[in-house]
Structure formats: structure tokens, C-alpha cells
Amino acid sequence: MKKGYIPKDERKTILLLSDDLRLHSGIGTMSREIVLNTAHHFNWVQLGGAIKHPDKGKGFDLSPDTNKFADLEDSSVLVIPWDGYGDEMIVRQLIREHKPSAIMHFTDPRYWTWLYRLEREIRQKIPILFYTIWDDLPYPFYNRSYYESDDMLLCISKQTHNLVKNVLRDKPKEDWAVQYVPHGIDEKKFFPIANDFEFEAFKEDFFEEKEYDFVVFWNSRNIRRKNCPDLITAWRIFLDQLPEEKAKRCLLMLHGEPSDPNGTDLPKVIETVCDPKKHKVKFTKGKCDEKILNYYYNMSDAHMFMTDNEGWGLGLTESLMAGSMIIAPVQGGMQDQMRFEDKEGKWINFSTKHPSNADGKYKKCGDWAIPMFPKTRSVKGSPPTPYIFSSQVSIEDAAIALMKCYKMGKEERGRRGQLGREWALSDEAMMSAKHMGDNFIKHINILLQEFTPRNRYDLINTDDIPSNYNEDIISLTPEFYEEINAI
């Protein structure tokens, strides 16, 4: 019997609004892990979103599959696929039919404006929980009305936790209502592989019977902010510093669409930037299940990102669980996974005085990570999201990071990757699927216990609306102060 098990007829029902949990998007994957690791304690109904969903309006009982994967006999998991993320009518219908005790939604709040228009109608009886993340500073005060309209905010990254707290500083929520709950990966799906004939055969076929001394993996969408062309260019620069025969024994593996209108034509980039005889770059065989994805992580020495906006970076967590090192920019939730520590050796938190470690205040991190500190920070935006930092890592620094990883040697990289897995599984990191499930059970139960139904409406004095001005939007390096004071 699982710890926290409640019989099906006695469980509370949670209505989940997110990507269809059968999909392989990051949100779909995490939705699936949350459900699988809490199905012994809650019943779940999901409005499963997708663009032009082919199964819109149908109902799928996933209880038999959930029983199999979660080692249960009486789970209750229902998915109703929908175009986009839903609307007022379908949610009202689901509330009437399934009588959920709470509603949880997941991803950018701008996808849920219709839900927030209903928040007073809903919150007179049912609490709303938002599993939230935000990529970067400045503090997103344009999200304030969303955050105020939630009864609980579970924050995926430590940086998000600080952002939410500060955006709500004029109307703070109780401490229990804003908590840190990082993403969790199933260590039985992503793990180091040893002495497996099927894996070795797959590896031999993929590598076309060639031996490589150094393999770097990139698993992401081909969109502009992911900066895959930067990675390809850094790969070429790194290899040009090696003797040709050693360079030929290195491989960059790309797992994403080769060409995408939201990104670029990566084969054209490779054709121009890389000499095929010396700068080896190979695409994977397209979309795959978790078993094959774990093969790719195990075939690589490190997973590398060069993203300029990244809330979490799920590929890094999967890589750590598979026992491979990570190379990534210092921003968003990627900072959490590197485990920067302060002068006392404690895992850092963020505050108004130090809202991001992009300034390099803390350099020491877990042995499993090679951090890249941004060279530039610019403010981007759009009318719905007027400002956000875009933190850019230089191509030269990326090449240096690759060289650092290469020079360690395969045995040392393996040792460090194993340390990363052990830490991700620890009670400190809480980055396993079980930890994530336990956290959701704990915090949802607190929400159901502490929830106070809202009035139908409130009267607001518009003269009391707080200012969005914030003094502490960016932490500057000591080198900056030295240089500017010397002028």
C-alpha cells in the first residue's frame, strides 16, 4: 500500500487544466508525472489541451493505464481533449459533472485569461492553484492580477518563488500559499544504463559503428530563444582548437526539428558553419518514447543548452537522472539544477538584493554542472508581456565550456554525472517524480484545509493601487563597479 493511499470513493477530485498528459511536451510530460505520482491520493479529471486537437470533446478513461504504471488497482483518471486550453463553457460543465475540490492549471497565465474572468464565480466554492514559472527579471508586475486571483502558487524554480513574492509584496499571501515545488523526473525512466545488449546495439547503429571520445546532446525545440545555431557555431569553434584526428572523434547530437518556422533551418546552418569531415553533427531519428530518449542521454557525455530565456530546462533534469553532466546558461530554473552555493556551502536562495545569480556573485556549483554566465542582458517584450530580460551567453564562452568538459576525460565526466543523479534524487533537490508527487499531495491538502471562499466581489479603492516601480531589478558585478568608478 502506497504511503498516503486513500480509497477511490474517499478521494478528493482535482480538475487539471494543461497540455494533454498523453503528449510529449514539457507541460504534458510533467502533468503526467504529477498525476501518476498522486493518483493514490487524488482522483483526476484533465481538460487536455493541444493545438487543433484531433480528439476534441472525447473522453478517455486512463485509469487502467494509470493502475499499471502507478502500481494501483483503483485509480480514477479521466482526460477530455480540447482545442487550445479550453473556455468558460467547458469548465463550467466539468465543474457540474465532476464536482472538483480544486482546480489546478499549468503554463503561462495569458493562456488562461478566460479562466481568470471566472475566478470570483469559481472561488466562491473552489480554490484555484497555479503551478507557475517565470523565466527572468524584471519583476513581472503585469502578472500581478493573475497571481492575486490564485489561492495557491506552487513555484517551479527558486527564482520564480522570489519573483512571485515580490510581485505580491503589497498584498502578500500567507507563506503556505506560495511554495517552491521543482519539476521531478521518474528515475526509473531516466537512469544510467549498464550491460544492456539492446542499448549497445542501438548505440552501434546510431553511431554507424564509429567510436566517439566526446558526445554532447541537445534536446529542445527548434525555436529562436533556444539558440541552437549558437551551439552549432560554438561546437565548430571548440573543435577547431583540437587536432583534427581528435576533433573527428567528437559528436554533437541534436534532438529537435531540423527546420521550423519558429526557429531556423538547422541543416543549412550546419552546411555553412561545419566541415562534415571534422565538425560532426548528427540529428536523432525524430520523436521517440522515453526509452529511446534515455538511450540518447546515456550515449552522451553532457547535455547542453544556450537558451536566452528558460524557465526550467527539463532536458537538463532528464540528463542528470540519466547520469550525464549539464552545460547551461546561468538563468531561470537552470540555476537550481546547478546548485550554486553561498560562502557557507548552502544552496542559494534569491531575494530583492540578489534576484539572480546571472551576475556571477556565486561561482561554486555542483560538480555535475558547467555554468555559462551571460555576457549581455537586454530587455525584450511584447504588449502582453512588456518586459523581460534576454540573457545571452557568448559563443566563445560556450566553446570554452565545451573544452572544459572535454578535458575532464570520460571517466571524470561519468563520475560527475553520477553525482548529479544522486543529488537530483536527494531530499534537498526534490527533483524526482516521487518528491514532486509528495509535494503536490502535501500542498494541495494544505490548500483544501486553509481555503477561504471568496466574496462575490470586492470594492477596490483605485487610489491605493501600488506602484510597479522596483529598485532592485538587476544585480551588477563587482567588475562593473570597478570599471565605471574608474572612468
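Values quoted throughout were computed directly from the atomic coordinates according to the rules given, and no laboratory measurement underlies them. Computed from a predicted model, the values in this text were never measured in an experiment. Don't worry about glycine lacking a Cβ; one is built from the backbone with ideal geometry, like all the others, and counts go over all protein chains shown.
So here's what we get for this one:
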item: Paramagnetic label zone (point 7 Å from Cα along Cα-to-C-beta, residue 283; backbone N under 15 Å) in the range 182-220; result: 218-220
item: Shape call, the range 365-487: gyration tensor on alpha carbons, a/c limit 1.5; result: oblate
item: Gyration tensor verdict on the range 262-333 (Cα atoms; rounded if a/c is under 1.5, prolate if a/b is larger than b/c, oblate otherwise); result: oblate
item: Label-point gap, in nm, between residue 180 and residue 73 - each point 7 angstrom along Cα→Cβ; result: 4.0
item: 19 Å Cα-Cα reach of residue 246 towards lysines, excluding residues that sit fewer than 8 places from it in its own chain; result: 210, 277, 278, 280, 282, 404, 407, 410
item: Per-residue Cβ neighbour rank within 10 angstrom, fewest leading, 197, 206, 130, 480; result: 197, 480, 206, 130
item: 40 Å tail of the calculated P(r), the chain, as % of Cα pairs; result: 23
item: Alpha-carbon centroid distance for the pair the range 72-112 / the range 304-323, whole angstrom; result: 28
item: Beta bridges by DSSP in the chain, antiparallel share as percent, to the nearest 5; result: 15
item: Listed pairs 125/442; 171/375; 3/171; 52/165 exceeding 25 Å between Cα atoms; result: 171/375; 3/171; 52/165
item: Spatially proximal lysines relative to residue 346 (Cα-Cα < 18 Å; intrachain offsets below 8 disregarded); result: 158, 361, 363, 364
item: Highest-first arrangement of 270-283, 67-80, where packing means the average Cβ count within 10 Å; result: 67-80, 270-283
item: Taking the range 197-428 and dividing mean pair separation by its residue count, relative contact order in percent (alpha carbons under 8 Å, at least six apart); result: 21
item: Sorted by Cβ density within 10 Å, fewest first, the residues 125, 171; result: 171, 125
item: For the range 120-249, convex hull of alpha carbons as volume per residue, Å³; result: 207
item: Computed E for residue 58/residue 259 - FRET, C-beta separation, R0 41 angstrom, nearest 0.05; result: 0.80
item: Sequence ranges 161-167, 31-37, ranked by mean other-Cβ count within 10 angstrom, highest first; result: 31-37, 161-167
item: Gain upon complete extension [residue 422, residue 291; 0.36 nm per residue less C-alpha separation]; result: 45.1 nm
item: Rough spin-label spacing in nm, given labels placed 7 Å along Cα→Cβ, for residue 352 and residue 461; result: 2.2
item: Value of Rg to Rh for the range 197-428 (Rh from inverse mean 1/r over Cα pairs, i.e. Kirkwood); result: 0.96
item: Contact order relative to length of the chain, as percent, for alpha carbon pairs under 8 angstrom and 6 or more apart; result: 16
item: Highest-first arrangement of 448-455, 461-468, 59-66, 19-26, where packing means the average Cβ count within 10 Å; result: 19-26, 59-66, 448-455, 461-468
